[in-house]
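K.L.:
To start, I am sharing the structure in question, which I have written as structure tokens.
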Amino acid sequence: MTAQERLAKLARMVPTGTSTAARTPFVLLIVVLLGSGMLALLLLNASLNQGSFELSELRRETQELTDEQQALQAEVDAFSAPAALAERARELGLVPGGPPAFLGPDGTVLGEPAPAPEPEEQEAEEPEEGPEDGARDEGPVGPDPSSGPAGAGEAAGPDGSGGVDPDPGTEGPDEEPGEEEEGGR
């Protein structure tokens, strides 16, 4: 084999221009697929990071709301404790009711009804705040229902019914101010 024959054989082994042109679309397709895959991974990663940030923000907010709910529940529990309720009732002037009495379906009374006991006096250390002029309501107005008829042991009111006149500045409907009853002369 001569040198020229060898060169001719080697020249046939070198690819011609038509074969490289056929490979270019394939390489381009592979590059586009890899690029789009990388872009898709980048978008997916960004979306997962954003979701992670939102999730951590929602968890923090949930924790804050849970803490607030627990604080409010503890406050409600403190106000609804029996000792706190009894103290608040005493501050409002309420007294324990004693044993209950019930009405049956036929109108019979079950148990013995009794009036509530009088409230105990407050300690002198804790003065109650009230009106400045000292006109406090010290109890029920009128006769005590447990003391019997209105005239027994009580002075009769201006209308002769006993008890307290609901409006001491006015006279009866038929009386004029300054007039006296005819029977009293």
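Any read-out appearing in this document is the output of simple, stated calculations on the displayed coordinates, not a laboratory observation. Keep in mind the model is a prediction, meaning the values are calculated, not measured. Here Cβ is always computed from backbone atoms with ideal geometry, including for glycine, and neighbour counts include all displayed protein chains.
K.L.:
Of Ala3, Ala78, Ala116, which residue is touching a helix residue (DSSP H, G or I) at 6+ places or on another chain (Cβ under 8 Å) and free of Cβ contacts under 8 Å to residues at least 40 places away in the same chain? Before the answer, list the steps.
P.N.:
On the way: Ala3 fails: touching a helix residue (DSSP H, G or I) at 6+ places or on another chain (Cβ under 8 Å); Ala116 fails: touching a helix residue (DSSP H, G or I) at 6+ places or on another chain (Cβ under 8 Å).
None of the other options fit; the residue is Ala78.
K.L.:
Oh, and also: Test Arg12 against the criterion of being loosely packed, with under 10 Cβ neighbours inside 10 Å and either out of contact with any strand residue (DSSP E or B) (no Cβ under 6 Å at 6 or more places or on another chain) or outside any loop (DSSP other than H, G, I, E, B) (or both), and give yes or no.
P.N.:
In short, yes.
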